[in-house]
Structure formats: C-alpha cells, structure tokens
Amino acid sequence: MKFDIVTLFPNYFNSPIKESLLAKAIDKKVFNLNIVDLRSFSNLNHKQVDDKPYGGGAGMVMRADILAACVQSLKKRGSKVILLDPTGQTVTQKIALQLSKETHLILICGRYEGVDQRFKDKYVDTQLSIGDYVLNGGEVASLVVLETVARLLPGTIGNSDSLENESFSDRQGGIQLDYPHYTRPEVFEGISVPEILISGNHQKIEEWRQNKAREATEKLRPDLLKRV
Ligand SMILES: C[S@@+](CC[C@H](N)C(=O)[O-])C[C@H]1O[C@@H](n2cnc3c(N)ncnc32)[C@H](O)[C@@H]1O
C-alpha cells in the first residue's frame, strides 16, 4: 500500500514518522510513504499556492489549479483522494479498516480557510475530519489517518492478535470498548489484581474480559452499542 501526503509543510512529518512504529513498518516495506511538497507544483511568484477569497472576507483559500496539478501527477488507477477537512465524515475504526483495503491513499492537508470548492467537487473522493473542532492545518489530521490505517496493515504491529480486541473493533457483541488491563505488581496501593486473571483458567478469563468490555461500553459509550 502507498500513502502520499500533500502538504505545505513537509518537514512537519520528520519527527512523528521517525519516532513511531511506522518508521519500522516503512523499513520492512509494509507500506510506502511519500511526503509531497505542494509548493513544488506552483509556477507563480514565490511559489504561491493560495489567494484571496472571491466575495471578500477573512483569510486565504488554497488554489484549485495547483492542487489539481499535484493530484494529477500522483493519481493512478485505484488511487483514493482524501481531503482532511473539518466538514468531512468523522474518522472511525470502521473507516480506517475500509481504507486499509485500498492500494493508494492521497491525503491532502488544507491550510488557511481551506481549499477552493471546485477542487473538492472535481478531485476529492472523500473528505475526512478527525473531530468537531478546527485545527490550523490538515497535517495532524493526516497523521491520525495514516497511523490508524497503517497499524491495521499486516506487519506494522508485532502482535496482530491485539488488534482484534481493541476498542472500537467489531467483535462478538458488536462494537465495544477495550476491557481493563493489569500487570505487575500484583497489589498496587492496596488494590489487588482481579483474582480471575491469576487463576490460569483461560476460558473464564476470556468471559470476564468480554463482560468487562460490555460493562465499560454500556457505561462510557452506550452510543457504540447502537452502531451497526
Ligand atoms: C483553519 S482550517 C479551515 C477551517 C474552515 N474554514 C472551516 O471553518 O471549516 C485549515 C485546514 O485545517 C484542516 N483541518 C482543520 N480542522 C480539521 C479537522 N477537525 N479534521 C480534519 N482536518 C482539519 C483542514 O485541512 C483545513 O482545510
């Protein structure tokens, strides 16, 4: 699988990628990541990529022609063009799973007031938001999409079993939160590890975990139980 991330700030990605498990997965060729500098597609003075909004008002808007030239150079058969945008569909684990089946994702990071509507209408397949709030740019949002999708690719995470029982994964009983986890010491500030976890009875442990996941979901995120 290949990811292209289109940005005005390519250096922004150096540390987050280098310092994460993603760098190892890239080394192992689990996926390919290409950071694309949008300014390199501008023939305007000072490599300008934005302009004043028609109709007046605050801020600048990213030009459709420069974004289009960039996407045209990256796009191949089967590519999916995703614009990070607060007005888009909110990213969920289900969407991440669907995206992990794609072969090529082009993630476009907006800046300023956003991008010209004509680019959205003509070139964007999906608009994704990471939540109901506004960031300065799409870079953080693109990293969220990259990481949620890339960690689902076989080979990114060492023990892929752990992916199946995570929060928001669709398992027996529907979409649920994770169950509680414990490790050493056995007693911490007077609180013991639940006895069942040191019983060695794997079937009972599994039942306990399923129940705890259900309890946590009912208490903290009852909305998830209604999702199909
Ligand atoms: C300052 S924002 C533009 C906000 C836009 N004028 C609005 O009110 O919806 C600049 C860029 O940041 C990115 N961005 C901001 N918030 C985001 C969010 N919640 N999810 C995804 N991308 C976001 C988008 O790429 C957006 O084009």
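Within the range 52-72, the residues that satisfy the criterion of being more than 23 Å from residue 40 (Cβ to Cβ) and within 11 Å of the ligand (Cβ to nearest atom) are 53, 57, 58, 59.
Working carefully through the options 113, 147, find the one that is within 16 Å of the ligand (Cβ to nearest atom), touching a strand residue (DSSP E or B) at 6+ places or on another chain (Cβ under 6 Å) and in contact (Cβ under 8 Å) with a residue 24 or more places away in the chain.
Values: 147 fails: touching a strand residue (DSSP E or B) at 6+ places or on another chain (Cβ under 6 Å).
Exactly one of 113, 147 is within 16 Å of the ligand (Cβ to nearest atom), touching a strand residue (DSSP E or B) at 6+ places or on another chain (Cβ under 6 Å) and in contact (Cβ under 8 Å) with a residue 24 or more places away in the chain, namely 113.
The single condition among (1) within 16 Å of the ligand (Cβ to nearest atom); (2) farther than 24 Å from residue 64 by Cα that residue 172 does not meet is (1). Number of residues in the range 123-144 that are loosely packed, with under 13 Cβ neighbours inside 10 Å and more than 6 Å from the ligand (Cβ to nearest atom): the value is 2.
Listed by first and then second residue, the pairs with beta-carbon distance under 6 Å, at least 6 apart or on different chains, first residue in the range 13-39 and more than 19 Å from residue 100 (Cβ to Cβ), second at pLDDT below 95 and surrounded by fewer than 15 Cβ atoms within 10 Å (Cβ to Cβ), form an empty list.
Filtered by the rule that a residue be under 19 Å from residue 9 (Cβ atoms) and in contact with a Pro (Cβ under 9 Å, 6 or more places away or on another chain), the range 111-138 gives 113, 114, 130, 134, 135. Filtered by the rule that a residue be free of Cβ contacts under 8 Å to residues at least 40 places away in the same chain and more than 12 Å from residue 149 (Cβ to Cβ), the range 58-104 gives 65, 66, 69, 72, 73, 75, 76, 77, 78, 79. Number of residues in the range 195-227 that are β-branched (Val, Ile, Thr) and either touching a residue at least 24 places away in the same chain (Cβ under 8 Å) or in contact with a Leu (Cβ under 8 Å, 6 or more places away or on another chain) (or both): the value is 2.
Residue by residue, here is whether (1) at pLDDT 90 or above; (2) outside the structural domain of residue 216 (by TED's automatic domain parsing) holds:
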position	(1), (2)
155	yes, yes
158	no, yes
175	yes, no
178	yes, no
182	yes, no
186	yes, no
189	yes, no
192	yes, no
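Would you mind finding the one in 76, 29 that is of a type in the set (D, E, K, R), more than 17 Å from residue 140 (Cα to Cα), surrounded by fewer than 16 Cβ atoms within 10 Å (Cβ to Cβ) and more than 21 Å from the chain's Cα centre (by Cα)?
So the residue among 76, 29 that is of a type in the set (D, E, K, R), more than 17 Å from residue 140 (Cα to Cα), surrounded by fewer than 16 Cβ atoms within 10 Å (Cβ to Cβ) and more than 21 Å from the chain's Cα centre (by Cα) is 76.
Looking at this structure, is residue 169 closer than 30 Å to residue 1 by Cα, in contact (Cβ under 8 Å) with a residue 60 or more places away in the chain, not hydrophobic (A, V, I, L, M, F, W, C) and not assigned by TED's automatic domain parsing to the domain that holds residue 105? I'd like the intermediate steps shown before the answer.
Working: closer than 30 Å to residue 1 by Cα: yes; in contact (Cβ under 8 Å) with a residue 60 or more places away in the chain: yes; not hydrophobic (A, V, I, L, M, F, W, C): yes; not assigned by TED's automatic domain parsing to the domain that holds residue 105: yes.
Yes; evaluated as a whole, the condition is true for this residue.
The values are calculated or read from the model by the stated rules, or taken from the named source; none is laboratory data. Everything quoted here is computed from the prediction, not taken from an experiment. Using ideal geometry, Cβ is built from the backbone for each residue, glycine included, and neighbour counts are taken over all protein chains shown.
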